[in-house]
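Following: one structure in structure tokens, then a few remarks.
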Amino acid sequence: MNTTLAALFLLALLVLAWQASLKIRDLAVMTARNTCRSQGVQFLDGTAALSKTRISFARATGPFLQRTYTFDYSEDGVTRHTGCIIMHNTRVAAVLMDG
């Protein structure tokens, strides 16, 4: 009985972590879309891909999960450039674009 309860608890934690990850990815996509719009460039593919995840530490806030998402954009409809969004937990820490 205890193993079943522990397995259900672990499964519930995994589902919650997955849902939180999807919400953070959606925030990264929205950030990429809004950044491209404000910079006057075309947001390509309509998505941002998770490229790196790591645990980091800041004196002011302590440990946090840093996720880096990449996205593609074009200035002229032909040339493809890559940008990235750095998330600290659920907060956008930086948006970087080529050039």
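The values are calculated or read from the model by the stated rules, or taken from the named source; none is laboratory data. This is a predicted model, so every value here is computed, not measured. Positions of Cβ are generated from backbone atoms using ideal geometry, with glycine treated the same way; all protein chains shown enter the neighbour counts.
Go through region 9-53 residue by residue and tally those that are over 30 Å from residue 77 (Cα atoms) and either in contact with a Lys or Arg (Cβ under 6 Å, 6 or more places away or on another chain) or modelled with pLDDT of 95 or more (or both).
Taking region 9-53 first, the residues over 30 Å from residue 77 (Cα atoms) are 9-21, 53.
Add one more test, that the residue is either in contact with a Lys or Arg (Cβ under 6 Å, 6 or more places away or on another chain) or modelled with pLDDT of 95 or more (or both), and what stays is 53.
Selection size over region 9-53: 1.
Can you name the number of the only condition in (1) surrounded by 16 or more Cβ atoms within 10 Å (Cβ to Cβ); (2) among the β-branched types (Val, Ile, Thr); (3) assigned to a strand (DSSP E or B) that residue 53 fails?
It fails just one condition, (1).
Name the single residue that is farthest from the chain's Cα centre (by Cα) among those in region 70-89 being of a type in the set (Val, Ile, Thr) and closer than 18 Å to residue 28 by Cβ. Talk me through it step by step, then tell me what you get.
First pass over region 70-89, keeping only residues of a type in the set (Val, Ile, Thr): 70, 78-79, 82, 85-86.
After this cut, where a residue has to be closer than 18 Å to residue 28 by Cβ as well, the list is 70, 82, 85-86.
Numbers: 70: 8, 82: 15, 85: 7, 86: 7 Å.
The extreme case among them is 82.
Residues of region 47-69 being within 10 Å of the chain's Cα centre (by Cα) and of a type in the set (Phe, Trp, Tyr), which ones?
Across region 47-69, the qualifying residue is only 69.
Consider residue 77 against the criteria (1) free of Cβ contacts under 8 Å to residues at least 24 places away in the same chain; (2) at positive phi: it satisfies all of them except one. Which criterion is unmet?
(1)
Give the residues of region 59-81 that are loosely packed, with under 11 Cβ neighbours inside 10 Å and either part of a strand (DSSP E or B) or in contact with a helix residue (DSSP H, G or I) (Cβ under 6 Å, 6 or more places away or on another chain) (or both), sorted by residue number.
Applying the first criterion (loosely packed, with under 11 Cβ neighbours inside 10 Å) to region 59-81 yields 59-60, 62-63, 76-79.
Of everything in region 59-81, those that are loosely packed, with under 11 Cβ neighbours inside 10 Å and either part of a strand (DSSP E or B) or in contact with a helix residue (DSSP H, G or I) (Cβ under 6 Å, 6 or more places away or on another chain) (or both) turn out to be 62, 63.
I need a count of the residues in region 15-47 that are surrounded by fewer than 16 Cβ atoms within 10 Å (Cβ to Cβ), β-branched (Val, Ile, Thr) and under 18 Å from residue 66 (Cβ atoms).
The total comes to 0.
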